1. Go through the residues of segment 603-616 one by one and say whether even a single one is crowded, with 22+ Cβ neighbours inside 10 Å, outside the structural domain of VAL767 (by the TED database) and among the aliphatic types (A, V, I, L, M).
2. Tell me, yes or no, whether segment 690-698 has at least one residue that is among the polar types (S, T, N, Q), more than 26 Å from THR783 (Cβ to Cβ) and within 16 Å of the ligand (Cβ to nearest atom).
3. Which one is nearest to the ligand (Cβ to nearest atom), of the residues in segment 619-644 that are surrounded by 18 or more Cβ atoms within 10 Å (Cβ to Cβ) and within 25 Å of ASN689 (Cβ to Cβ)?
4. (1) under 27 Å from the mean Cα position of the chain (by Cα); (2) modelled with pLDDT of 95 or more: which one isn't true of GLU58, the others all being true?
5. Helices (runs of 4 or more DSSP H) wholly in segment 483-586 with at least 1 residues that are small (Gly, Ala, Ser) and on the phi < 0 side of the Ramachandran plot - which ones?
6. Any idea how many residues of segment 768-798 are surrounded by 18 or more Cβ atoms within 10 Å (Cβ to Cβ), among the hydrophobic types (A, V, I, L, M, F, W, C) and within 17 Å of TYR735 (Cα to Cα)?
7. Taking ILE347, is it of a type in the set (Val, Ile, Thr), part of a helix (DSSP H, G or I) and either modelled with pLDDT under 90 or surrounded by fewer than 18 Cβ atoms within 10 Å (Cβ to Cβ) (or both)?
8. I need the full set of residues from segment 48-71 which are without any contact (Cβ under 8 Å) to a residue 24 or more places away in the chain and either part of a loop (DSSP other than H, G, I, E, B) or more than 26 Å from ASN475 (Cβ to Cβ) (or both), in order please.
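The values are calculated or read from the model by the stated rules, or taken from the named source; none is laboratory data. A quick note: this is a predicted structure, and the numbers were derived from the prediction, not measured. A quick note on method: Cβ atoms are made from the backbone with ideal geometry, for glycine too, and the neighbour counts reach across all protein chains shown. Just the protein is used for accessible areas: all its heavy atoms, side chains included, with ligands, DNA and RNA removed. Shrake-Rupley method; radii C 1.70, N 1.55, O 1.52, S 1.80 Å.
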Amino acid sequence: MSSSIENIEKVLGAKRFGDRSAQIDWILTDSRSLCFPEETLFFALKTKRNDGHKYLPELYERGVRNFVVGELPADMKSFQDANFLQLANPLKGLQKLAEKHREQFQIPVIGITGSNGKTIVKEWLYQLLSPDRVVTRSPRSYNSQIGVPLSVWLMNERTELAIFEAGISEMGEMEALQTIIKPTVGILTNIGGAHQENFFSLQDKCMEKLTLFKDCDVIIYDGDNELISSCVAKSLFTSREIAWSKKDNERPLFIESIQKGAHATTIKYRYLGMPNEFSIPFIDDASIENSLHCLAVALYMMVSPEQITERMARLEQIAMRLEVKEGKNGCVLINDSYNSDLASLDIALDFMSRRSDDKGKKRTLILSDMLETGQSGKLLYRQVAELVHSRGVEKIIGVGEEIRTAAARFEIEKYFFRTTEELLESDLLAGLRNEVILVKGSRAFHFDRISDRLELKVHETILEINLNALVDNLNYYRSKLKPETKMVCMVKASAYGAGSYEIAKTLQDHRVDYLAVAVADEGSDLRKAGITCSIMIMNPELTAFKTMFDYKLEPEVYSFHLLNELIKAAEKEGVTNFPIHIKLDTGMHRLGFAPEEIPELIDRLKKQTAVIPRSVFSHLVGSDGAQFDSFTRRQIEMFEAASECLQEAFQHKILRHICNTAGIERYPGAQFDMVRLGIGLYGIDPFTNQIIHNVSTLKTTILQIHEVPKEETVGYSRKGHLERDSRIAAIPIGYADGLNRRLGNGHAYCLVNGQKAPYVGNICMDVCMIDVTDIDCKEGDKTIIFGDDLPVTVLSEILETIPYEILTSVSNRVKRVYYQN
Ligand SMILES: *Cc1c(COP(=O)(O)O)cnc(C)c1O
């Protein structure tokens, strides 16, 4: 729904500079997601970590002319013919705009909050309710102070029902979300411990969440949950309640029985005394709980019990993430089996365009008819075509009657098919080469068959990397820094085993100041893959200076020999003012200039112009051990004095840095100008050995299961003695994959369906055996070597080593698979 800039100015009560007329269709808060510059209004938001004002020039350059700002840019002249709406707090403005937008609608709005399950409940409600009405809902899990207003803005003339999620991390936040969403139906999914650090008690958190339901007509929750029930009673709502219960048959929705089968669960219930039943194709408790919330809403929305039964049986798993997989013939596959509508298409295309920026692969979209938008064909496909063009898609493969009819709108290489079968029967898929392929289809088109065809089938052992967790870790450490402190992120050793390119790209997108690798080749590989962020080389080889100059890789310099060779090489190449990083030895006694050598170093540096010190640093020996605290303090003092001495000799600013991950955590006073984050990025707190947000999961699948009687042995050298009749599973991972041989013979375990399965006998090169006697499992089941529920630190403790070693030992033949929520 579009709005004039005058209108928005009035709603926001903003001070306006500029008089360009404009119609606004799109609201933008993340400059990277820009798509339609002309019709976009950019809100320059300040968050703990970033400031949208920084991106004004770039956005203007890309054609944006409408901005909401806290402060006007200093050089207004370079923003000719732009509109600036100035407000004390642009975030409040964004929320206000959404609030006014919401007020135009007299329709049911469902608000969902709770600790888990919000997105699934939202999507399932969509699956249950959208056959009868046009539904607008939050894209993915947009549920924050910024995500909620962006979601509400999506309501338009056709919307008949809206479903929004609301998530909070602190006291006091829900009120703002309530004002924007104004739900008429409220669902509280459950209450758990997430973000508990910011609340006094679970009860406080529950009360805070209930704020969302202030003016609801009805609220829905688990009546058997005493905490929630007592909070609802305390909050004195006058709204109707549908508290479902498995115990109390006085409740309006009584769950009589829950019967789990092999693949489905049958649930019998009584609503207002009437008995009925339905089945869902899931058997886990979370899905059952989520389905009960959905049942309550569907009943309240007058969906007939027969339709509920029919639709519940067809509920689909929600793919919460975009999966990136390696495809055949050099292709990269982005699988988005999430809903097929404009908002999620936009997010997926945005993801694709950011990923493939400079990798020289053609961008291809395989798209079906969009059946889940509630929009008419003509307008819809015009918008799809605009998105496709503006996001830089170079080839489209359309599947379905509707999109085929709109073929003429796509002015790029294009192919159209009536059905998925028709595409599968053609030879088009086999001919895709060196492309980034986004596969996005409505459920009815079963595009999983297409992905399956395109995917490179690999070794069943993979290292799965959660890029969101990586970003969460980055932000966790950023939150410990002063706003002006810069950050180097260590991506050496293939990003501690996680794979350098994807990690570097993600960090670059999150605007870290420097990446650091060990050797020049690691750096040039990143450059060739399109990484433009500043890169530091920690162990520059004397033979690789040319590579460093060519790719602008800034070396660490730790000795006069290295310095002299570098200067010589730079002078020969005609390079001047090449940035270098001076390393001082303050106690590690590995590499570095001694503090006494600084005067001579200054002298040497002043006599030439080939290189210039960009930073000076040192490395802490024992920042992760309290027993070394006095030594660490001495290192910091020594560094402070020595680096100051170097700085005083130069006019330009030389960045000073000494903290690694543990240093950031434990020596907040030693941040200087910059810090170097390593292991913490990958989720490990080196001081406590706890996991912050788990990034890497090493997983495989069971190849074969044998029943082995107790007198037998398992594996080489008859090491695996069985003390009982056992079920022994073989999994395709061995010491050549990085599974340490010393974990064998019962020293450690992996997880099969969440249960501990000890390693039996010697670990072989490519395979090992585990005891699954007490575990309900079958061939093909997933096995976790380390990950969320079996932290890598458990293995490092057993092996008496550090988690760094385990992470970097996962061998190259183990496929890295990346995903984002
Ligand atoms: C690897 C490395 C780091 C990072 O250390 P973590 O303990 O992983 O945070 C920092 N500085 C230097 C010089 C390094 O080599």
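1. Looking through segment 603-616, at least one residue is crowded, with 22+ Cβ neighbours inside 10 Å, outside the structural domain of VAL767 (by the TED database) and among the aliphatic types (A, V, I, L, M).
2. no
3. Applying the filter and picking the extreme gives HIS619.
4. In the conditions (1) under 27 Å from the mean Cα position of the chain (by Cα); (2) modelled with pLDDT of 95 or more, GLU58 misses (2) alone.
5. 500-509, 520-528, 560-573
6. Residues that pass the stated criteria total 8.
7. yes
8. TYR60, GLU61, GLU71
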